[in-house]
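The values are calculated or read from the model by the stated rules, or taken from the named source; none is laboratory data. No experiment lies behind these values; they were computed from the predicted model shown. Please note: Cβ atoms are built from the backbone with ideal geometry, for glycine as well, and neighbour counts cover all protein chains shown. When the accessible area is computed, the model is the full protein with side chains, heavy atoms only, and any ligands, DNA or RNA have been set aside. Shrake-Rupley method; radii C 1.70, N 1.55, O 1.52, S 1.80 Å.
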Amino acid sequence: MYFLSGWPRRLLCPLRSSERPFLIEPSAQRFYLAVLSETQISIWFSRPSVLIVSYIESGKAAAQFGFYQLVEWKPDDSMIAVTAANGYVLLFDIIGGSDEKCLYEPVYPKGARVKVTPGYKEEQCAPALTLEMKKPIDLEAPISCLQTLQEDLLVATADGYLHMLHWDSVSNGRRAVNLCTIPFSLDLQSSRGGPCLDLNGVHIREMEYCATLDGFAVVFNDGRLGFITPTANRLATDQLQGVWAADVSDGTCVAVNNKYRLMAFGCASGSVLVYMIDSSTGSMQLSHKLELTPKHYPDIWNKTGAVKMVRWSPDCSVVMVTWDCGGLSLWSVFGAHLICTLGEDFSCHSDGTKKEPLKISSMSWGVEGYHLWVICSTDGAEGDEKLQQTGILQFQFIKSALTVNPCTSNQEQVLLHGEDRLYLTCGDPTQAHSVSDKSPSRDSGSPVHRPSASTPLSQGLSTLLGHKHWQVVQIHSTYLETNWPIRFAAIDWSGQCVAVAGRRGFAHYSLYTRKWKLFGNVTQEQNMTVTGGLTWWDDFVVVACYNFIDRQEELRLYVRTSNLDNVFASVTKLQADTLLLNVFRNVVILFRADCSICLYSIERRHDSPNPSVSVELLQEVSMSRYIPHPGLVVSVTLTSVRTETGITLKAPQQACSAESILLNLAGQLIMLQRDRSGPQVREKDTPANQTKLLPFCPPVVLAQCVENVWTTCRSNRKKRHLMEALWLSCGEAGMKVWLPLFPRDHRKPHSFLSRRIMLPFHINIYPLTVLFEDALILGASNETVLFDGPGSSSLEALFPFCTVERTSQIYLHHILRQLLVRNLGEQALMLAQSCATLPYFPHVLELMVHVVLEEEATSREPIPDPLLPTVAKFVTEFPLFLQTIVHCARKTEYALWNYLFAAVGNPKDLFEECLMAQDLDTAASYLIILQVPAVSRQHATLLFNTALEQGKWDLCRHMIRFLKAIGSGESETPPSTPTTQEQSSTGGFEFFRNRSISLSQSADSIAGGKFNLQKALSVPSGPGERWCKDSDSAENLYIDMMLWRHARHLLEQVRLRDLGCFSAQLGFELIGWLCRERTRVARIDDFVAALKCLHKDFLWPFPVIPACSISSPLKNGRCRPGNFSTLSLSQSELEHISMELANKGPHKSQVQLR
């Protein structure tokens, strides 16, 4: 979601002052930031990050008003309010300079071609502003907090009053409300009797207004939490009512999330309580908690102190928290933990020593969440003059495109964007370019077909998971200078084209050509702004924008292959402002500000010389009855997912049609399906130009606390479970999948069986996209690199360098387990069989067994219905059952083996099954499980003989080592004798080199001489390694007898080649053994059969007698032609065969010619 990037920047104030800033507050659009110190207020600009103006209070005024404490902006950035310690509210007018006067104008080199657009100074230069104080307002009580309300300013004082001031004029007076007169209860239903809150002597410590809830989230000075809402439009004594949260009395701060209607309250315990308002009762309900866990932060989780500050990002997707002891921590909106600076490399130096966490006095998000402005506290930094001069720190972030442009959730690529660059997880652009070159339809204007099940798109994505490199694309500097910040980004389905939209216009980039395309006419670019997002449809960029010239909301489609110009755009006028858009196949869905949904069809036109499309309105659906505020809709998706009862495996659901609309309404996922209850019209009875779409049913709620939704418009008959599922990201609750259930073997589905089921599961990464066919989740995570700078106070020493790494995780074992828990083994088997061809499917089975085993075997309480026997029975349906069990056992503690094999079977039986299946490597793994020496020796001998017969030499060496270990009772294998001989291409026959023995030597001299048989002490680890002497070892004699027996078996069958490999690989003393066996098994009785076996074994050809060397009877005419067969080889071929025989064969005898 949000990820730290690089090191933070240090912004130093050019004005020297002994006062340190302690508060930073952004304006409504976050282009300006107010920095407050005791007697000084400064205005900073976002880009460039520079100081614009600073107002320093005089000593006389400071003595009258007191030191500055709080600051608040007017929504239109024209005024600013500052509170002083003596109860004064100081209002400042922000006066802009003339059009010709700007600060920090960019300087271009001579000869540079720069496009000067109207108003370029306002876009590229920092404006010149001045601050002018108006008449101060004395509230005659210390001020605890203040909050802006359009044209009003709400101020809370320590005497328990709420004051309503006017921004524009003070002469209108002010209204004051005593907190004691506001009725507080546990809910807003007057019929229910409940305890009321006593507010005598209590005042508001901190408050924040929530526009979508139309009320104030407040924290009282005694730590209690509440929510105040007006019963009418005016804020008066008799028109306010409040609710309070029970059992909470340690609140410290508050921040509200307008998009999700959440209130985050910081507590003295170090946790953050996130509340929501129940729509039926109006009570405050706890949604979730944000807190550090002892599992991930064992040293600091309970030592953070009270929560000092909570700040939501501008897009309301993440929240940043800091504590009294320091540090920063980032969570997603529903509690998925993303970043924490209190652990790992953030809390340690490179030498392992601990470092103090950074203590923060104030922080604020910058424009679009690309920066976090932080003011460090002076506590803990005394004596370090350089650290005291740090000033303002600016942390840099990159974020997912899903945060502001949720229509990218239907793609299978991860797209991140920072303020000046994009991060993509797409394939090699050169390969994609070669593919596009082979298919001229992409640039010729013909339609680009979406990938089907037969296309290798999914397999290509799987090949990218082995590395963590990003495809980084720098955004064009010309577009960035005039249109910063980047607000939207989108990527096409192939992952090779991206588009970005900033303040005005948009631009797109192709990885085929590695070039950006910008508007040739800058006026056209500046006359439009993207409002509802942008996405790709085939080769077209789809944008929902506002036309400043016509003052009209429009839907535009620009073709990628043509110049970026309005001449090549297809423009459709819209009736209301567009907030969101998405594309499903050939349909565009728009969500508008009047809470209505519009469906438009897109069809490529072929009657135009340039690629163009025709857009037609299909349907309009009003949602004003169900949506209280249009800003609450997070995403809108059109999908083929439905709950229709006619879903069968034989007849796939109509994936080509838009069956349902999915709306993420403040984290609540609701679905509108087509209403098929009325009379149905067959397609053949309906004219093509009069197709009438079915209306939608009332919405139903699918899930709560939803952050992101993923669906696909592609289909795959072999993986229908995964392709037709709905995937949800739910923050700390992990993920959920709405999985379809199909009857097996085309049978009629059971009436009691649901057609879909919602399965939750937890993952270890934050999901950014789902690979449907590959059964993978892709994400990203922060990685850190430590670096010791030249000084202990340098940023390089205070913070590690942050990078963003790609991550992925398998989720299939979670789904299979959830299906087995719900007695849906048939569905689990169908799903597993459809994914059996995945390269990591064996790991999926192993993970499922391991997770269930760990949970059940280590449970302190008895499990009434254990799942492990069901999982074991499920795994036996696959050929990988034996490997799965033994791999899981070897990665599990020994204490859990009994529980495992009580469910899967006796390991001796499993070992024998491996031998019967000729799976010797798996059988060798089972020997580790068989701990009884007698049993281990018996099975090891059996496996050793089988490995010898099959020529598994590596396994044979391991088995010899294993037999020696269990024979001597040693737990470790004795060290092997190092070899001094280098292997060559001759492999095992290197053993016979450097031999000086003569084959004519007598057996007696060999038996009694230096070639006595040697026994082995340790097994050689490679070919050519010799045995060591240990004549007293009975275990070595037992092994040697097995080796002799196998050697006799090979010699009896005249398999000399196998005998040589056997001797060379295992270091067997072949020559001495042959001398002992010369009168027994080495004796040859049938020389002809032995010679034939020798030729067959070494693939030697038999000797050939040339025809010219034989006195043929046919030449003299003495015999009939039918009595003898003639050779049909030419003389050159015969000579070639003779030469080959002389070079390769063991005999070099020649045929004597008469």
Neighbours by Cβ (under 9 Å, 6+ apart or cross-chain): first from region 276-290, over 17 Å from ASN258 (Cβ atoms); second surrounded by fewer than 14 Cβ atoms within 10 Å (Cβ to Cβ) and basic (Lys, Arg) = THR281/ARG192
inquiry  = Any residue that is open to solvent by 30 Å² or more (accessible area, probe 1.4 Å) and either free of Cβ contacts under 8 Å to residues at least 12 places away in the same chain or assigned to a strand (DSSP E or B) (or both) - is there at least one of those in region 208-222?
reply    = yes
request  = For region 507-562, name all the residues that are of a type in the set (Val, Ile, Thr) and part of a strand (DSSP E or B).
outcome  = THR529, VAL530, THR531, THR535, VAL541, VAL542, VAL543, VAL559
query = With ILE602, ILE627 as the choices, which residue is within 30 Å of THR561 (Cβ to Cβ) and of a type outside the set (Ser, Thr, Tyr)?
reply = ILE602
query = Is one or more of the residues making up region 64-83 small (Gly, Ala, Ser), open to solvent by less than 60 Å² (accessible area, probe 1.4 Å) and in contact with a Cys (Cβ under 8 Å, 6 or more places away or on another chain)?
reply = no
query = Could we say that ASP315 is in a loop (DSSP other than H, G, I, E, B), under 30 Å from LEU665 (Cβ atoms), out of contact with any strand residue (DSSP E or B) (no Cβ under 7 Å at 6 or more places or on another chain) and of a type in the set (D, E, K, R) here?
reply = yes
task = Collect the residues in region 555-602 that are in contact (Cβ under 8 Å) with a residue 40 or more places away in the chain and small (Gly, Ala, Ser), keeping them in residue-number order.
result = SER562, SER570
task = Only one of these is modelled with pLDDT of 95 or more and open to solvent by 10 Å² or more (accessible area, probe 1.4 Å): TRP484, TRP516. Name it.
result = TRP516
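So that you can scan it fast, the table gives a plain yes or no per residue for (1) at negative phi; (2) part of a strand (DSSP E or B); (3) open to solvent by less than 20 Å² (accessible area, probe 1.4 Å):
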{"position": "SER249", "(1), (2), (3)": "yes, no, no"}
{"position": "LYS259", "(1), (2), (3)": "yes, no, no"}
{"position": "LEU286", "(1), (2), (3)": "yes, yes, no"}
{"position": "LYS289", "(1), (2), (3)": "yes, yes, no"}
{"position": "ASN302", "(1), (2), (3)": "yes, no, no"}
{"position": "VAL310", "(1), (2), (3)": "yes, yes, yes"}
{"position": "GLY326", "(1), (2), (3)": "no, no, yes"}
{"position": "PHE334", "(1), (2), (3)": "yes, no, yes"}
ask   = Out of all the residues in region 743-752, is one or more assigned to a strand (DSSP E or B) and at pLDDT below 95?
value = no
ask   = Do you know which residues across region 895-907 are over 15 Å from GLU855 (Cα atoms) and open to solvent by 30 Å² or more (accessible area, probe 1.4 Å)?
value = ALA902, ASN906
query = Do we find that LEU36 is within 48 Å of the chain's Cα centre (by Cα) and surrounded by fewer than 21 Cβ atoms within 10 Å (Cβ to Cβ) in this structure?
reply = no
ask   = Tell me, which residue of region 594-617 that is open to solvent by 40 Å² or more (accessible area, probe 1.4 Å) and either acidic (Asp, Glu) or under 19 Å from MET671 (Cα atoms) (or both) is modelled with the lowest pLDDT?
value = ASP607
key: Flag if LYS952 is modelled with pLDDT of 85 or more and either among the hydroxyl-bearing types (Ser, Thr, Tyr) or within 25 Å of HIS1046 (Cα to Cα) (or both)   = yes
inquiry  = Suppose we filter region 336-364 for residues that are open to solvent by 20 Å² or more (accessible area, probe 1.4 Å), aliphatic (A, V, I, L, M) and either under 26 Å from THR212 (Cα atoms) or assigned to a loop (DSSP other than H, G, I, E, B) (or both); how many remain?
reply    = 1
message = I'd like the full set of residues that are of a type in the set (Val, Ile, Thr) and either free of Cβ contacts under 8 Å to residues at least 60 places away in the same chain or open to solvent by 40 Å² or more (accessible area, probe 1.4 Å) (or both), limited to region 1065-1087.
response = THR1079, VAL1081, ILE1084
inquiry  = Could you check region 2-56 and list, in sequence order, the residues that are touching a residue at least 60 places away in the same chain (Cβ under 8 Å), part of a strand (DSSP E or B) and small (Gly, Ala, Ser)?
reply    = GLY6
key: VAL274 touching a His at 6+ places or on another chain (Cβ under 9 Å) and part of a strand (DSSP E or B)   = yes
query = Among the residues of region 261-271 satisfying the criterion of being surrounded by 21 or more Cβ atoms within 10 Å (Cβ to Cβ) and outside any strand (DSSP E or B), which is modelled with the lowest pLDDT?
reply = GLY270
